[in-house]
Amino acid sequence: MTQVAGWQAAGPALLALGALLTLRLLLGRDSPLLRVIAAGACILAALRYLWWHGSDAMPHGQGVAGQIWAWTFFTAEALAVLSSLTVYVFMSRSRERSAEADACSDSDLLSAPADVFIATYNEPVEVLERTIVGAVNIDHPDLRVWVLDDGARAWVRELAEDLGAHYVFRVKGKHAKAGNVNNGLREALSVGRRPQFLLLLDADFIPDRRILRRTLGLFEEADVGIVQTPQHFFNPDPIQRNLLCGAVWPDEQRFFFNVLLSCKDAWGAAFCCGTSAVFRVDALEAAGGMAIETVTEDMLTTFRLQEHGYRTIFLNEPLSLGLAPEGLSEYVTQRGRWCLGAMQQIYTRWSFAGSAKLGFISRLSFFDGLLYWMFTFPFRLLLLSAPMIYWWTGSTVISCSVDDLLYWLLPAALTGLFFMVAYARCLVMPLMTDVTQLLPSFAVLGTVATALVKPFGHPFKVTPKGLSSDRITVQWRLLMPFALIAAGTLLGLAVNISPYSALNGTPGYGVNVVCSVYDILVLALTVAVCVELPNRRRDERYAFDQPAALRLASGMEVPCRVRDISLGGARIGALPAWALPVADAVLLLDGGRIALPCAQVRTAGADIGLAFRHTVASRRALILRLYTGALAHHVISVAPGRVLARVTRRLFA
């Protein structure tokens, strides 16, 4: 085994990082050549480490069980690294289409007949109302909105008709959302004028008024079948909320939508993600409608359209706002469904080695996703379990000193960090990314194991919407495995940290000490996420800070300032003392264009809290004002120091 020590251990990493920083100064950060070189450096550094681990650093003489464990770990690690390498390959290029959308601003397609499909199953009225209000107010001259009810709910029909939308229902239909959309398509094609394009929305996604103006022009190229736009959310996901990071750390899907999908688009491998996608109706008809063969009908529809000569492209602009999973169970269930869809596709002709007429890049893209679901999550569990197993059995997965590990692993870590800071905008960050991948790992592992044996016939679980809670909720089923691993690792470390421990001085001892400390921190954060904080507000509150006026019961209008606002109320300040308390009043926004009946419900220092007493008109006017994208919780840049400060506060406050 190669022995290194001191500064020599950091030499290759510093050399690689220095070379990349020098090239960045010479070529500029936006240089396509630098991007390719950086991706290549990441790949070479990862392969260098993997080669060393599989040769010099593999343990020997541990007994049969210990050797099986070491090789199992290495195999999982190699496959997880392969998943990372495919990401680097795709991220070596990127494409942004906003300039193309600008260039198509006078396209004749901007006035083409278009329909909006809102697929609904079990959403409550307050969720569905927001989406329909947004849809019927899309800026388009020839628009029809269809509410596709996967049931026969009278209130849904009444709501749709009241808002000027068409209503279609089915009862006990097959194929979940895909079947619902296909049923709606048959109805839309049989009634009135024929739509040329179709915007598909989940029932909890509110479209921006500009969504068709920004997307339809991109269909000028005749082979474009789908224009996918990113999913953005107006509420924090459970990780953001439970770690107090909603203002400093983005939701878990930001890397995929803000970075990776643009990269895949550059390779011709963008794919449909369901909601907020615009379809060419001719293409959808040619493919026989939405794919029904898996529970992830959106991705598979891209592959089906590709067989008919149509491609999917990605416009990276926030043109809709949706509801992120509000609870941890819902969050994990959603990821399990996505994993199941990928596993089911293996058994179709659209698999990476299937008989469908697909290009190599599309097959590689699917293979990349499959590697992610099948190996990234299991390896994360093995990585966290390895130190605990070492402390209690003496079996190690790597035989080296800390200096050796730095010599071989640190170049891969630093080049990867450089790449992700430069091209992923810090949206992939050690510790936080580890937590997001660890949380659903047991559910994903169970889904993979089950789907390999029985890929089909599983009940379809729709993510519940519109939840709230007024108390702390401990998700014991999710928490206990992580707590047990943390306890086992901590106790094992404490028992063996003594210089008299039989393990002290054995190969891998120092490495397992370092890994144990880091793993305990990751597990502590994961456990903290499983303790869900109260989510008392049914309506998300936004920072507003805009001038307004308050019309008192006397008819007098008093200038004020709105500090924050939600669909249910607002906090205002700068009111004169003589105007208090506020009883029956009307809050006037945007120069009086929005009038919100309200009354004071509390005092907060120099500010007061108002509760809105909505009319139907005032509620819907405020929906349009709040949910068109401008007030979304977008975390554009990540400051690691602020993130660490928040998670430290969560752990120790």
Judged on accessible area alone, 1.4 Å probe, highest first, His308, His232, His614 line up as His308, His614, His232
For Lys177, what accessible surface area do you get with a 1.4 Å probe? Give it in Å², rounded to 10.
40
State the percentage of accessible surface on the range 189-294 attributable to carbon and sulfur atoms; use a 1.4 Å probe and exclude ligands, DNA and RNA.
51
Need one value: the accessible area of Phe456 in square angstrom, 1.4 angstrom probe, rounded to the nearest 10.
80
Please identify which residues in the range 335-364 have an amide N closer than 15 Å to a label point set 7 Å out from the Cα of Glu307, following the Cα→Cβ vector.
345-359, 363
Per residue value of the accessible surface for the chain (all protein chains in place, 1.4 Å probe), Å²
41
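Would you compute, from DSSP H runs of 4+ residues alone, the mean residue ellipticity of the chain at 222 nm, taking -39500 (n - 2.57) per run and dividing by the full residue count, rounded to the nearest 500?
Numbers: 22 runs with 303 residues, N = 653.
Using -39500 (n - 2.57) per qualifying helix, the result is -15000 deg cm²/dmol.
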Per q in 0.07, 0.10, 0.11 Å⁻¹, report the Debye log10 I(q)/I(0) for the chain, using one uniform scatterer on each alpha carbon and no solvent.
-0.52, -1.02, -1.19
With every protein chain in place, what's the accessible area of Met290 (1.4 Å probe, Å², nearest 10)?
0
Descending accessible area (1.4 Å probe), largest on the left, turns Leu50, Leu25 into Leu25, Leu50
What list of ³J(HN,Hα) couplings, whole Hz, do you get for the range 227-241 from phi and the Karplus terms 6.51, -1.76, 1.60, once you set θ to phi - 60° and write x for glycine and proline?
10, 8, 10, x, 9, 10, 10, 9, 10, x, 7, x, 5, 4, 5
Measuring from centroid to centroid over Cα atoms, what is the spacing of the range 118-132 and the range 413-434 in Å?
37
Sequence of Arg97, Arg29, Arg477 from largest to smallest accessible area, 1.4 Å probe
Arg477, Arg29, Arg97
Centre separation in Å (Cα based) which lies between the range 163-195 and the range 584-649:
35
12 Å beta-carbon shell around Leu50, net charge (K/R +1, D/E -1):
-1
Hey, what angle do you get for helix 476-496 against the long axis of the chain, alpha-carbon based, 0 to 90 degrees rounded to 10?
30
Whole-Å distance, taken between Cα centres, linking the range 252-293 and the range 18-57
30
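Can you tell me the FRET efficiency between Leu484 and Ala639 if r is taken as the Cβ-Cβ distance and R0 is 22 Å, rounded to the nearest 0.05?
Numbers: r = 34 Å, r/R0 = 1.53.
Between Leu484 and Ala639 the formula returns 0.05.
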Compute the helix-to-body angle for 640-652: its Cα long axis versus the longest principal axis of the chain, expressed 0 to 90° and rounded to tens.
90
Rounded if a/c under 1.5, otherwise prolate or oblate - the range 238-305, Cα gyration tensor axes
prolate
Debye equation applied to the C-alpha atoms of the range 554-653, log10 I(q)/I(0) at 0.20, 0.21 Å⁻¹:
-0.99, -1.05
Cα-based shape type of the range 210-360, given that a ≥ b ≥ c are square roots of the gyration tensor eigenvalues and the cut on a/c is 1.5:
oblate
Shape verdict for the range 183-231, please, from the Cα gyration tensor: rounded (a/c under 1.5), prolate (a/b greater than b/c) or oblate.
oblate
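Give me the net charge of Arg551's neighbourhood, meaning all other residues with Cβ under 13 Å from the Cβ of Arg551; Lys, Arg count +1, Asp, Glu -1. Show your work: numbers first, answer last.
Numbers: positive: none; negative: Glu557, Asp584.
Charge balance in the 13 Å sphere: -2.
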Considering only protein heavy atoms and a probe of 1.4 Å, how much of the accessible area of the range 491-578 is carbon and sulfur, as a whole percent?
62
In cubic angstrom per residue, the convex hull of the range 79-219 built on its Cα atoms measures 148
For the Cα atoms of the chain, what angle does the longest principal axis make with the long axis of helix 64-91, in degrees from 0 to 90, nearest 10?
50
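The values are calculated or read from the model by the stated rules, or taken from the named source; none is laboratory data. From a predicted model like this one, the values you see are computed outputs, not experimental measurements. Note: ideal-geometry Cβ built from the backbone for every residue, glycine included; neighbour counts use all protein chains shown. Remember, those area values only see protein heavy atoms, side chains included, never the ligands or the DNA or RNA. Shrake-Rupley method; radii C 1.70, N 1.55, O 1.52, S 1.80 Å.
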